Structures are given as C-alpha cells and as structure tokens.
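The values are calculated or read from the model by the stated rules, or taken from the named source; none is laboratory data. Just so it is clear, the model here is predicted, and its values are computed rather than measured. Cβ coordinates were reconstructed from backbone atoms using ideal geometry, including for glycine residues, and neighbour counts include every protein chain displayed. Only protein heavy atoms, including side chains, enter the accessible area calculation; ligands, DNA and RNA are left aside. Shrake-Rupley method; radii C 1.70, N 1.55, O 1.52, S 1.80 Å.
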Amino acid sequence: DFYGSFKIRNGDWDPSSSNGFFFYLIEKETTGNGYAIGVNANGSTDKLSLWTYISGKATELLAETEFDWNANTTARIDFSRLSNGAWTLACTDLATGLSSQAIATHTLYSDFTEVGLSFFYTATRSGKLWFDDLEVFRKNSGPQLKLVSATSSTSIDVWLSEPVGGDPLTSS
C-alpha cells in the first residue's frame, strides 16, 4: 500500500494545455512506468486527475476529481493506492476548505521506486508554482497470490507477487 500527500500552489495563472503540473510514482524496473497525479498531465482539463504514466508521458486517464484548478489556488492533494490496485485521490482547497475525491482501480504497476514532480510551462509562468510538504509512505502488505497451477495429481505450483524466505513448503 502507498499513501501520501503534498501541497501545491500556482500563481496568477489558470492551467492550460501549455501549463500544467503532476506528481509521479514510477517503477524503475519497467523503464519509468507508473502513475501521474496532477493538472493537465495530458490534455487541457483543469481538474485534478490520475493517469497511467508510460515512458515519461501521461497516457490513460484513470480518475478525475471535480476540483477545478484556477489561478492562485493553494491545495492539498492526498492519494492512496492499496495492494489490490484501488486508488483514492482527493484535493482540498486550503482557502475554502472545499474538497473533491475520485476513485479508480488499476493493477498494472505496484512496486514504486521513484517519485518526482513535473512542471511544464510557458515563459510567463516561470517561477509561479510552489510545491511543499511531500509525504509518501509505503506499507508492506505481504505477498499476493498471482497464479496457482496443478502440475500433476499430487503437485501444484504457486506464484506470489514477491519472494518469500524460508524452507520450501511441503504437505504432510
């Protein structure tokens, strides 16, 4: 399980297809694939969204809040991803207290090894994005059962999502 939050504020500009920002969680082993959380990661919607992030680009929209990001917005973004792929994304406007939430399920990526922030902008937006109080936590949830296959009438193979230590399992 992963969960976290961060605060972000933009200056006197409304995001557009040329101006946006997103936070990403990626798996190093999949050459930079994972998820992006932000505004205008792909396209021109001003709503806080969750995307798949493949080879350095936000590709598939998974969830979108109703929170419409405007000029001079300061907000806290909270996110969580459970081991079963269930995402929760929330955005709270720190000036008004209004909050919006979105949920999605996506299981393709789960072993996040890197995080980052991307801010793309036109020259007039330079220096007008502030990012603060990043917290990302990982809770070890143990191995998940991936596949069970009968290899004979007296034997089965079991595949788990991560290695387990100890002696081989046998039945008595």
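Can you tell me which residue within the range 49-60, out of those that are at pLDDT 95 or above and hydrophobic (A, V, I, L, M, F, W, C), is most open to solvent (accessible area, probe 1.4 Å)?
Across the range 49-60, the extreme among qualifying residues is TRP51.
So, in the range 44-87, exactly how many residues are closer than 25 Å to LYS28 by Cβ and part of a strand (DSSP E or B)?
Residues that pass the stated criteria total 20.
If you check ALA104, ALA71, which single one turns out to be surrounded by fewer than 16 Cβ atoms within 10 Å (Cβ to Cβ) and either of a type in the set (A, V, I, L, M, F, W, C) or within 23 Å of ASP133 (Cα to Cα) (or both)?
That would be ALA71, the only listed residue that is surrounded by fewer than 16 Cβ atoms within 10 Å (Cβ to Cβ) and either of a type in the set (A, V, I, L, M, F, W, C) or within 23 Å of ASP133 (Cα to Cα) (or both).
Going through the range 82-108 one residue at a time, which ones are of a type in the set (Ser, Thr, Tyr) and either under 16 Å from THR65 (Cα atoms) or at pLDDT 90 or above (or both)? First the steps, then the outcome.
First pass over the range 82-108, keeping only residues of a type in the set (Ser, Thr, Tyr): 83, 88, 92, 96, 99-100, 105, 107.
Matches in the range 82-108: THR88, THR92, THR96, SER99, SER100, THR105, THR107.
For residues in the range 109-121 being touching a Phe, Trp or Tyr at 6+ places or on another chain (Cβ under 9 Å) and either part of a loop (DSSP other than H, G, I, E, B) or charged (D, E, K, R) (or both), which is nearest to ASP14 (Cα to Cα)?
TYR121
Determine which member of the set THR96, THR92 is β-branched (Val, Ile, Thr) and assigned to a loop (DSSP other than H, G, I, E, B).
Answer to the selection: THR96.
Among the residues in the range 84-93, are any under 14 Å from GLY20 (Cα atoms) and small (Gly, Ala, Ser)?
no
Answer yes or no as to whether ASP46 is surrounded by 14 or more Cβ atoms within 10 Å (Cβ to Cβ) and touching a residue at least 40 places away in the same chain (Cβ under 8 Å).
Spelling it out, it is not the case that ASP46 is surrounded by 14 or more Cβ atoms within 10 Å (Cβ to Cβ) and touching a residue at least 40 places away in the same chain (Cβ under 8 Å).
Tally time: how many residues in the range 89-101 are surrounded by fewer than 16 Cβ atoms within 10 Å (Cβ to Cβ) and touching a residue at least 12 places away in the same chain (Cβ under 8 Å)?
Final tally of qualifying residues: 5.
(1) open to solvent by less than 50 Å² (accessible area, probe 1.4 Å); (2) closer than 17 Å to THR45 by Cβ; (3) in contact with a Ser or Thr (Cβ under 9 Å, 6 or more places away or on another chain): which one isn't true of ALA86, the others all being true?
(2)
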